[in-house]
């Protein structure tokens, strides 16, 4: 094993550049033979504050957590290219990335390709207590890397090792371990952040919140529709639907602007989003008429669809983030395969495939109110039509069910392109999410 910590992965002449769209990587570059999978880390307000990243190579068991050195190397290389490119820095802002690692993986120089203060390395008790590992663990901790202890019931007795642990994984229903750790902290031991894994229901989530424990959730976690009535949509949602229908009828912008003025808060949110970095306008937009004059009706429909997805005041911020991520991923995957004019429809198809969970209304109830093109409806209801395969691929990546490779091959795209789109969507959502979620 070697201590080659200061060589940046990809620093030779053959290193790939930073990719910002689905076609950014070639088959010989990082991510060519495996897929990135991730879980979301939620805080008590159900906001996404980090991700637990994993690597799925050919033949790997779906959903399994692997800490193999070769997988960690591939994952680090891919994350470095898309989340921490040269001359740009860490693109996920304050958000943390958690990575399961083995003993061998701790010695890889690829760890240095990511910012230590934003990375938490997940290890088991055996690795933490291995006397031969102490020097490397201390070295990495001094650099700023965090460590999450997994599969344990207690912190180590050794003071030096205890100081290495910054996070501690607990089971969702293990109240006793949480209480014991809290008591140790009260007695003066270094504080650690407790994170629950394998959380599958909101009841378990609420129990964790009551114990001040953050939560990892996987792609299957969601909000079931709770209302069937056609009038279940909230007033702001109904106004947004009305505006979307007016755009589809190509009504005069002054008429649309007059309808929008009935809700000053919605007008503020719309203009705030239009002027956000994710939209990338060169000049500040001061009115709806100004926006239409600059960009036309098609982007306005897209912006309103995003606002509709975030209009449920009782909705979960993580579901809004998930819908934005899916919409952007679907849009990026379609770039280069479908005409540029389909970009907004791809985004809407991806995001609206989660609209029932976002608004708490059955999908049929939503579609009775929101008039969508036949192709978008096919994608939402059956994953069919022109956009359906892209939505199905997005769903497979979220669920980590082993179907991503087959579905991407059916679209004639490689794993590297899928990884590039996923990570680009994570970065894009940093700007798109907050601006869309309210003043």
> Relative to the present Cα-Cα distance, how much length would full extension add between residue 276 and residue 95 at 0.36 nm per residue of separation?
Replying inline: 63.2 nm
> So for the pair residue 158, residue 138, with labels modelled 7 Å out along Cα→Cβ, what separation do we get in nm?
Replying inline: 1.0 nm
> What residue among 398, 204, 160 has the largest mean-square fluctuation in a Gaussian network model of the chain, using Cα springs under 10 Å?
Replying inline: 160
> Once the Cα atoms of segment 316-410 are picked out, what are the Rg and Dmax in Å?
Replying inline: 12.6, 36
> the chain: Rg/Rh from Cα coordinates, Kirkwood Rh?
Replying inline: 0.99
> How do 302, 203, 328 line up, fewest other C-beta atoms within 10 Å first?
Replying inline: 203, 302, 328
> Between residue 193 and residue 212, what length in nm is gained on full extension when 0.36 nm per residue of separation is reduced by their alpha carbon distance?
Replying inline: 5.9 nm
> Could you put 359, 288 in order, starting from the residue whose Cβ has the fewest other Cβ atoms within 10 Å?
Replying inline: 288, 359
> What is the helix-to-structure angle for 388-399, meaning the angle in degrees between its Cα long axis and the longest Cα principal axis of the chain, kept from 0 to 90 and rounded to the nearest 10?
Replying inline: 30 degrees
> So how far, in whole Å, is the C-alpha centre of segment 411-428 from the one of segment 354-401?
Replying inline: 20 Å
>> Given the -39500 (n - 2.57) contribution per DSSP H run of 4+ residues, what per-residue ellipticity at 222 nm results for the chain, rounded to the nearest 500 deg cm²/dmol?
In response: -13500 deg cm²/dmol
> Which FRET efficiency, nearest 0.05, do residue 268 and residue 431 yield, Cβ-Cβ r, R0 22 Å?
Replying inline: 0.80
> Can you sort 158, 252 by how many other beta carbons sit within 10 Å, fewest first?
Replying inline: 252, 158
> Can you give the direction-averaged projected area of the convex hull of the alpha-carbon atoms in segment 35-217, in nm²?
Replying inline: 10.6 nm²
>> What are the extents of the Cα atoms of segment 123-217 along their three principal axes, in Å, largest first?
In response: 41, 28, 22
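Bear in mind that the values in this text are calculations on the coordinates, not laboratory data. These figures come from a predicted structure and were not determined experimentally. Because the Cβ atoms are built from the backbone with ideal geometry, glycine has one as well, and the counts that use them run over all protein chains shown.
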